[in-house]
Structure formats: C-alpha cells, structure tokens
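No value in this document is a laboratory result; all are computed from the given coordinates. As the structure is a prediction and not an experimental result, all values here were calculated from the model. In this analysis, Cβ positions are derived from the backbone assuming ideal geometry, glycine residues included, and neighbour counts consider all displayed protein chains.
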Amino acid sequence: MKAPDLFVPAFPSLSPTALLRRPRRNQPFPFSSTEVRYFYFARNGLWQLVKLLGLEGREILMPSYHHGVEVETFMDAGARLRFYRIGRRMEVDLDDVERKITNQTAALHLTHFVGFPGPVREMKALAEKHGILLIEDCAHALLTCIGDEPIGQTGDVSLFCLYKKLPVPNGGAIVVNNKSLGNVLQPAPPPASSNLSILASSILRNMALRGGWPGRTLRQMALRVGKGTLRAANVEPVLTGTEHFKREDLSLGMTRLALRIGLSHDMDRVRQELRRNYLFLEEQLGKVVPPFFPSLPPGTAPFFYPLVVKDSRATVTELLARGIEAVEFWHGPHPACDMRQFPDVAWLRNSIVEIPCHQEISISTLRRVAEVVREVVTKNKTKSASAA
C-alpha cells in the first residue's frame, strides 16, 4: 500500500523551539486561579474530588454521552451513577435532568462537548434549587469563553484536560471554585524517564506534521529505534490519551516541564487559530456534509471538527490509512449506561468522527486534509447508493 503523503496528529504536538520559551504572565483561568491543582490526568483529580466532596456511596447524575473513563473513575472512587438524556445535537435535556434528581442525588455532572458551551447556568440553577453540587467538565473546553468570561468558573468544581488543546506531554487541571469545600492535594510529578520519552514522541510527531516526507520518514525510523531502547531500559511510559482509569497512576502530578510549556503559549492566539481552522474546515466540507453545529459561538475554542458520517469506524479506518489521525468520537459507551434508553446517543456514537483542527495545522495542510476527507466521504456515499 502506498505511504500517505501527509501526517496530521489528532492532538497538538511539540516543536523543539517550545522547549526554550518562558512561561507568560497573566494567563487566563484556570491557570490564574489560586485553587488550581495539576495532575498527570484530569481523571486523577476527578477521583480525588469524589473523596473531597464526600460522594462515596452517593449518586452523581451525569450525561448518557460520555467517554467512559470518567464513569470508571467515579465508580472506582465509590460514587453511584445515574444517566440523563443527551439529544442528537449533544444538547442537554434539562427536563430529564430535573426529573431524575431525587433525594439520593448529590451532584450533577455537565460536559461541555467538543469545547462548545453547555447550559452551565441552567445546570447551576438546578443544582442550587436542589441543594446539590455541580461538577463542570471542561476537558474539551480549555480556552473557551462565554462572553468575556473563561469557561469553568460556574460549577462548584471544574476540570480541564490540557493536552487536548496545548502541545504538552501530560496534564489535567482541577479547580475547586467553591472554597467552602476545601481542596485536593497537589500530587508529585512522575519519573523523568517516562516524561522524556513522551516529549521525544511529541517532537517527532510535530516533525512528521511539518517536515514533509523527510519528517515522516525520520519519525518512523526513530519510533522503531525508540521502542527497542525503552524495552532495553525497562521504561514504561505513562501514555496520555488512554481509554481506562488506572489506580496505580493516581499519585502522578503534571510534570514541571509540561506546565512550563503550557504556560508559554499565547492563549488568545491559540483560541483564534483553533477557530480559524474549524471555520476553514466548515467552509471546505460543509457542502459535502452539513455542519454538525449550526454555528461557532463567539469565544468558543473547538476541540475538533465533528464530521457526521454513516459509519464512523469505516471512515476513520480510511482516514488513518491516508495519514489523518481521525478518531471515532466516544464510539463505545460504558457498560453501566444502558444505550437502549438513549437512542440519540447511540446514533452519535456511530456517526461522529473527529477531524483534527488544532493550532499546529497550517491552512495549506488543512486544505489537503479537506481534500482527503471529501474523497473518502464521497466514495462512501457512492458505495452506499450503489448498495441501495
């Protein structure tokens, strides 16, 4: 099979020059909060929050559309879960939320899907009405603003996944906005050997993205050598982007180098470039597949461009073969959630493909991405029509 003529990673990757930049002052929330705590994974902080908030044995009402790792984390920490309805446009059914609040419910969990703001004020009002807590999940929504206000300040607690928007090797942030609740402890950073191997991998991915054929070739050669070296040195990197919660990783904090790299970015510029790339893909692909969201709200920093397809698995397989790290967006539900009760979520899980639109992708590369996506989508539509 012919090697792809491009490589586009799903997440931002690290350029060597980023290692030399100094942290910027006056960074926005959550970095500006005196209550922020940094973890290797945001899920580690979520586990600690269950303990801090006294949610063991108590019910958390959370969206039926979820990754699954947050469900695992809540359950491992001892919380009980109940799920509320999410519609086909990832909208929260507020009536269903209120119907499902009982005297057993201790907290609501709201996810800002794809970086687009969810109904956080309405959820906060429900939480206050019933005397329960609001957990604001901003894992996709770092750098998103509602008006002039950074997202994540409304919930009693909020969580962020930094490596989804910034080229850092690891990092999640937890902020306890309600100071009466206390705070979680800041964990220690992981071993340097693990961190350095992930940094090297990210730099190679950046070279493959920006360096054309030589960069892609160098990455493949280095990967073959690197895997053997890690095995020989008995180094097991703690990888980000993994699918499951692991209790053995709970003690790991965010590395100091990763935090320094993150804080060296101009966050306003990153938001602008995310928006630029999203809107470019919307313009290039909208005539082939209607946009999933009707518009990009002011201040929203999208995590990816959601492409609606008939078969997300087949589409992703083809795009990966063409060098685009597309992802089936939350294809598999956690077994604790009965999908028979949520047909709209079942449709979402089979239909949404993540197309990367992060700030590391140039417009020229993004134009090529759009060409490949159009080719794949058009071909699959033709196949479906022929089969019919």
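Here's a check for you: in the stretch 13-23, which residue that is part of a loop (DSSP other than H, G, I, E, B) and touching a helix residue (DSSP H, G or I) at 6+ places or on another chain (Cβ under 6 Å) is surrounded by the fewest Cβ atoms within 10 Å (Cβ to Cβ)? Step through it out loud before you land on a result.
Applying the first criterion (part of a loop (DSSP other than H, G, I, E, B)) to the stretch 13-23 yields 13-15, 21-23.
So of that shortlist, the ones also touching a helix residue (DSSP H, G or I) at 6+ places or on another chain (Cβ under 6 Å) come out as 13-15, 23.
Details: Ser13: 23, Leu14: 24, Ser15: 17, Pro23: 13.
Per the criteria, the residue is Pro23.
Give the stretch 332-372 a look and list any residue that's more than 21 Å from Val309 (Cα to Cα), among the hydrophobic types (A, V, I, L, M, F, W, C) and surrounded by fewer than 21 Cβ atoms within 10 Å (Cβ to Cβ), or say none.
Answer for the stretch 332-372, where residues must be more than 21 Å from Val309 (Cα to Cα), among the hydrophobic types (A, V, I, L, M, F, W, C) and surrounded by fewer than 21 Cβ atoms within 10 Å (Cβ to Cβ): Ala336, Cys337, Ile363.
Picking from Asp268, Asp311, which residue would you name as being closer than 26 Å to Pro169 by Cβ and surrounded by fewer than 17 Cβ atoms within 10 Å (Cβ to Cβ)?
On the way: Asp311 fails: closer than 26 Å to Pro169 by Cβ.
Matching residue, one of Asp268, Asp311: Asp268.
With respect to Gly152, determine if the residue is in a loop (DSSP other than H, G, I, E, B) and under 22 Å from Asp344 (Cβ atoms). Even if it seems obvious, please write down each step before you answer.
On the way: in a loop (DSSP other than H, G, I, E, B): yes; under 22 Å from Asp344 (Cβ atoms): no.
When the stated conditions are applied, Gly152 does not pass them.
Could you please find all residues in the stretch 277-304 being charged (D, E, K, R) and free of Cβ contacts under 8 Å to residues at least 12 places away in the same chain? Steps first, answer last, please.
First pass over the stretch 277-304, keeping only residues charged (D, E, K, R): 282-283, 287.
The answer is Glu283, Lys287.
Looking at the stretch 36-74, which of the residues that are touching a residue at least 60 places away in the same chain (Cβ under 8 Å) and among the acidic types (Asp, Glu) is surrounded by the most Cβ atoms within 10 Å (Cβ to Cβ)?
Glu70
Could you check the stretch 156-184 and list, in sequence order, the residues that are closer than 25 Å to Leu274 by Cα and part of a loop (DSSP other than H, G, I, E, B)?
If we filter the stretch 156-184 for residues that are closer than 25 Å to Leu274 by Cα, which is where we start, we get 158-175.
Those that are closer than 25 Å to Leu274 by Cα and part of a loop (DSSP other than H, G, I, E, B): Lys165, Leu166, Pro167, Val168, Pro169, Asn170, Gly171.
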